[in-house]
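Below is one structure, written out as structure tokens; the observations come after it.
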């Protein structure tokens, strides 16, 4: 935000220098990044009228001019600007003048012709960076200026002005206007409001109530003021208005548009002017956009709309995007004679959605998004009328109407000096706190505690500690004593859940996965798609009442949506392999209660087995590879009895998904995602590659770590190992076969592991082969061969009886 010192002095009495103002603002939390000087003293530079322009005989790009500088005989001046023309009023630097860059003007021969002075550009006068041509004073200063040859340019341009570049904290939208910063400077340096400022700030709107105005969306627009102005003449703005806008980095457009911009920069309140004769009705309707609607905005672009966009409409069509930009179909132009002024308060989140949906970031949207003072609307409207009539004296107010559905009651917050002492670290009296707050226009009553009425322009003050900060700002932060943080020799003790999460993160990283941090807000379709993966066809979704977009309208039910988005993004960016995990919560709605939060860990892998090894097998990760990762993770987490049960749900590849369970409860889900699901998420993998997902609940992992760790000592006697392969029906699961084997293996079985699955040539029709590695060990003696053979026979019989399988002979 730029703050011209001259503009500041229009509002408060001020004797301090620009440096003192910058220091005061910075001390109060408004950091001043720099100070610029606009304009400078220009002795010896006067108004000149170009009488003649002729081609230079020795140079095609130079002109010979004769200029009346008010000193009698015309001056012969050589000029290289392409825009010089007879009759033009220009700044002439006479011989002896010194320009801001240090150039001293002397009579000088240029290509054989003597130049008795210099015609100046805006940059040569220190007014701007424009060096494209000679400054046209008539166009630059506008109407109403006495441009006679010989008059000092200083007298026309005014004295130099110092402009502060101020960084505005996001929670202080009142600082986005000169008046808001004037309040800070006034409180810091002890200034007073000027009489004109007091008159403007005390204004209360008393217009007529005869304009056709209807607010359909009262939540998005609770306050709207419409004022007709007649007998308007659109034209250039006077010099003072143009200079003021230039100091703010804004170009002058016309007196009407410039007046709206002056009000915006002065109060931080965006206002808009419509050409009344181009409004159907004339009438104003404030509503949300409808499907299929579009509008061409003032930048000339046609924009499709959604129901998230708040519109200003006439009787028939949209004429502006509320709080963002006006429409071309109601633009004020040279032929405009009647205006409709809009001054409104729009709900900040609604404007933020409109701005983001349309990709339009404007000065108006910037202010409405942060929160405009809801009580400044009539003051800003009155100030516009005042400015317009100063530039267009014949302008007359006409029909008007205001709709105001805001609660105008002042917020009251209590402040205790004891609380100030506890937070700020030093004592302050109730009277001292009262004076500090009243200097910032808070209304203070009572003793200790103080009852503090919060001004309408301070949405950041809501609780007692906000008032503590206000008093500490006013009394100077340097008064806060230096003190080391209080400690009592205590240290934080992590809960079992925190220890489990830390161990889970370390286990995933140890297996080559990188941690992702994904948003908890997802689209409803994404939430339902991933909930179905985990068997929840009708999830209890937690919806946002004020969602910023349809991509962020519900809380995620599990961690899969963010990881799938990350996979799609990384593959589009050319990553050969993606291995990610995330720890977080899934959310579920509960009637009448806060949402349930379920801690989870999820992981996803895709790509070659060894992405960066030139001499290793580059085949893609398959289900078995991924399952090995998840099994190793579970073993690290203390789950040594995980069961992988057959599981199917929409979104998984048939036959390549499982439910993982422990002794007492389900732990999670794992599997390979189906091609239709990958297409749904725009995940494009190379031919032959797949995406493997694992989702685990944290709570069962916490329980798996409870109790003392148990260590299995190696046996004293040698183990006996056997490999058995079975032909079993194709629809038989590994779990069924394993249970049959374990049930018949007896108490001495120490390990069983499937190491081969085969279905192809050599297998009987309708069958597949499962091969198991088994290990027995007796704690007190060596097992005899006959004992092992007897056990093996029982196992073969159990598989035949329970699974319909038979031993695969060599």
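The values are calculated or read from the model by the stated rules, or taken from the named source; none is laboratory data. Keep in mind it's a predicted model, so treat the numbers as computed, not measured. Glycine also receives a Cβ, built like all others from the backbone with ideal geometry; neighbour counts cover every protein chain displayed.
Observations
- Condition check for residue 449: surrounded by 12 or more Cβ atoms within 10 Å (Cβ to Cβ), under 22 Å from residue 177 (Cα atoms) and not assigned by TED's automatic domain parsing to the domain that holds residue 24: no
- Any hit, the stretch 543-551, residues being surrounded by 16 or more Cβ atoms within 10 Å (Cβ to Cβ), under 30 Å from residue 357 (Cα atoms) and touching a strand residue (DSSP E or B) at 6+ places or on another chain (Cβ under 6 Å): no
- Extreme residue, modelled with the lowest pLDDT, among residues of the stretch 133-145 that are touching a helix residue (DSSP H, G or I) at 6+ places or on another chain (Cβ under 8 Å) and on the phi < 0 side of the Ramachandran plot: 145
- Residues being more than 26 Å from residue 685 (Cβ to Cβ) and touching a residue at least 40 places away in the same chain (Cβ under 8 Å) - total across the stretch 544-564: 4
- Flag if residue 299 is in contact (Cβ under 8 Å) with a residue 12 or more places away in the chain and part of a helix (DSSP H, G or I): no
- Segments classed as strands (runs of 3 or more DSSP E), wholly inside the stretch 55-132, with at least 1 members that are in contact with a helix residue (DSSP H, G or I) (Cβ under 6 Å, 6 or more places away or on another chain) and modelled with pLDDT of 90 or more: 89-93
- Qualifying residue in the stretch 567-583 (condition: in a helix (DSSP H, G or I), surrounded by fewer than 20 Cβ atoms within 10 Å (Cβ to Cβ), in contact with a strand residue (DSSP E or B) (Cβ under 8 Å, 6 or more places away or on another chain) and in contact (Cβ under 8 Å) with a residue 12 or more places away in the chain): no
- Flag if residue 650 is farther than 21 Å from residue 698 by Cβ, modelled with pLDDT of 85 or more, assigned by TED's automatic domain parsing to the domain that holds residue 688 and in a loop (DSSP other than H, G, I, E, B): yes
- The stretch 159-192, residues that are touching a strand residue (DSSP E or B) at 6+ places or on another chain (Cβ under 6 Å) and outside any loop (DSSP other than H, G, I, E, B): 161, 162, 163, 164, 165, 166, 181, 182, 186
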